[in-house]
Structure formats: structure tokens, C-alpha cells
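Below: the structure, in C-alpha cells.
Please treat every number below as a calculation from the coordinates, not as lab data. Values in this document were obtained by computation on a predicted structure and should not be read as measured data. All Cβ positions, even for glycine, are placed from backbone atoms using ideal geometry, and neighbour counts span all protein chains on display.
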Amino acid sequence: MAQSNSLLKILVLHGPNLNLLGQREPGIYGTTTLATIDALLTQEATLVGAEVTTLQSNHEGILVDGIHNALGQCHGLVINAGAYTHTSVALRDAIAAVSLPTVEVHLSNLYKREPFRHHSHIAPVALGQISGFGADSYVLGLHALVRYLRAQPDLA
């Protein structure tokens, strides 16, 4: 879809309750707002030759539609599916269906939390998972995805 010096298009998906970042359980999720994370991602994307589009929804179907709509429009996905990480076969299947390289991110370390959060339906269809670094999880995920995409022969 792109040459190595071309702008990579990345869709960043934020799942349920992430619109409340900054006020929701700050001891777990920190005080950084979603708007701040989106601005940080836009800034970081510019530095690495990418463009991010963000989508937050509390509705699973809207996130699935976002993944479907990324097909042919984006080079890859960064997703924090929130609680849907542990419950949504639909998101897992959407990611598998579009075959876009995907990095799963989480603000908190899932494996230091309740046992039901230790399982991800998304991890098996993602390139990798980054968790526990707060807002930096998104930045690390973006950088990892861009590095992966730039290494692909069809993008070289």
C-alpha cells in the first residue's frame, strides 16, 4: 500500500470507558486524559512518518465497524479494547478478518490485576501486546507497529 518513505496510516481504537480517562480510577489508569493521549499519538506519529486516526467507542459494534473500515485505508491498528479485550470474540474476529498488523495496548499491567483480566481474545491475532506503562503503552505500541510495517518488503 505504501513506499517506505510514505506516510503510514494507523488506526488507533479505544474501547469502553476510556473516554473517562483522567477521572476514572486514577490509581489504576492515571490522570492523563484520552484527548492528551490522542494528541501525544498525533505528535509521535508525525515524528515517525505516520498519521493516526483515533476512534473511541463504548459500543462493540462501532469498534468492529472501525476495524472493517480500516481495510484498504490503513496500514495497521493499535487497539486498547478495554474490557472487550477479555470478552469480545467479535473484535478478535474483525482483526483476523482484515489481516491488518495490530498491536494491543493497555494502560495498566493486566497480569497484576484480577484473574479475569489475564486472558485476551485479541492477543492471538495481534503482533504483540504492550501493557503497564500508562499512556506510554500507546506510544510504545505505535513505535513497534511502525517499525514492523517499515520492515515489510511490500512497503519497502
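Some notes on this structure:
- The mean sequence separation of alpha-carbon pairs under 8 Å and at least six residues apart, normalised by the residue count of the chain, gives a relative contact order of 28 percent.
- Using Cβ point charges alone (K and R +1, D and E -1), the dipole size of the chain about the Cα centre works out to roughly 240 debye.
- Inter-probe distance in nm under a simple model that places probes 7 Å from Cα toward Cβ, at residue 73 and residue 97: 1.5
- Ordering 109-120, 88-99 by mean Cβ neighbour count within 10 Å, with the highest value first, yields 88-99, 109-120.
- Positive end of the dipole of segment 1-154 (Cβ unit charges, origin at the Cα centre): among 116, 72, 12, the Cα lying farthest that way belongs to 116.
- Around residue 75: net Lys/Arg minus Asp/Glu count, Cβ-Cβ under 15 Å: +1
- Distant-in-sequence amide contacts of residue 130, defined by a placed amide H-H separation under 5 Å and a gap of 5 or more residues or a different chain, comprise 104, 105, 106.
- A crude spin-label estimate for the pair residue 23 and residue 58, with each label 7 Å from Cα along the Cβ direction, gives 1.2 nm.
- Among (i) 18.3; (ii) 15.4; (iii) 16.2, the entry derived from the coordinates for Kirkwood radius over Cα pairs in Å: (ii)
- Computed from the C-beta positions of residue 113 and residue 7, the FRET efficiency with R₀ = 25 Å rounds to 0.10.
- Largest mean-square fluctuation among 101, 124, 16, in a Gaussian network model of the chain whose springs join Cα atoms under 10 Å apart, belongs to 124.
- Max mean-square fluctuation residue, GNM over the chain, Cα-Cα springs under 10 Å, options 65, 38, 136: 65
- Within-14-Å neighbourhood charge of residue 90 [Cβ basis; K, R +1; D, E -1]: -2
- Each residue, residue 148 and residue 123, gets one label point 7 Å from its Cα in the Cβ direction; the gap between the two is 1.5 nm.
- Estimated 222 nm signal from helices in the chain, with DSSP H stretches of n ≥ 4 weighted -39500 (n - 2.57), rounded to 500: -10500 deg cm²/dmol
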